[in-house]
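Before any comments, here is the structure.
The values are calculated or read from the model by the stated rules, or taken from the named source; none is laboratory data. Here the structure is a predicted model, which means the values were calculated and not measured. With ideal geometry, Cβ positions are generated from the backbone for all residues, glycine too; neighbour counts draw on all protein chains shown. Ligands, DNA and RNA are excluded from the accessible area calculation, which covers all protein heavy atoms including side chains. Shrake-Rupley method; radii C 1.70, N 1.55, O 1.52, S 1.80 Å.
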Amino acid sequence: MEKLLSLPEIKSKFPDQWVLLGNPVFDDSKLTVLAGIPIYHSPDQKEVCYLGKDKRLITRKLPWFIRAS
């Protein structure tokens with residue numbers, strides 16, 4: 001199981017890719033992602049979004065997509 005990574009760690013580990021995050025951590029405004037557990041990554045946004053539909057069953061929360069660039 002992956003561990004919780006901060007946004008800078010995610011961006012350095014998956015440069016120029018879309019990342020599906022499980023259990024995202026937001027700032028107080030609930031608008032900015034601070035950290036999350038990377039579930040899947042790919043340079044293709046559609047691929048990540050398509051696979052993300054099935055991941056909701058695993059995380060039991062809505063997954064969150066970010067562009068790590």
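The figures follow:
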| item | result |
| --- | --- |
| Residue list for region 20-48, filter: open to solvent by 60 Å² or more (accessible area, probe 1.4 Å) and not in a strand (DSSP E or B) | 28, 29, 30, 31, 32, 43, 44, 45, 46, 47 |
| Unique residue being modelled with pLDDT under 90 and within 12 Å of the chain's Cα centre (by Cα) when the list is 4, 20, 34 | 20 |
| All positions within region 1-19 that are surrounded by fewer than 18 Cβ atoms within 10 Å (Cβ to Cβ) and assigned to a helix (DSSP H, G or I) | 8, 9, 11, 12, 13 |
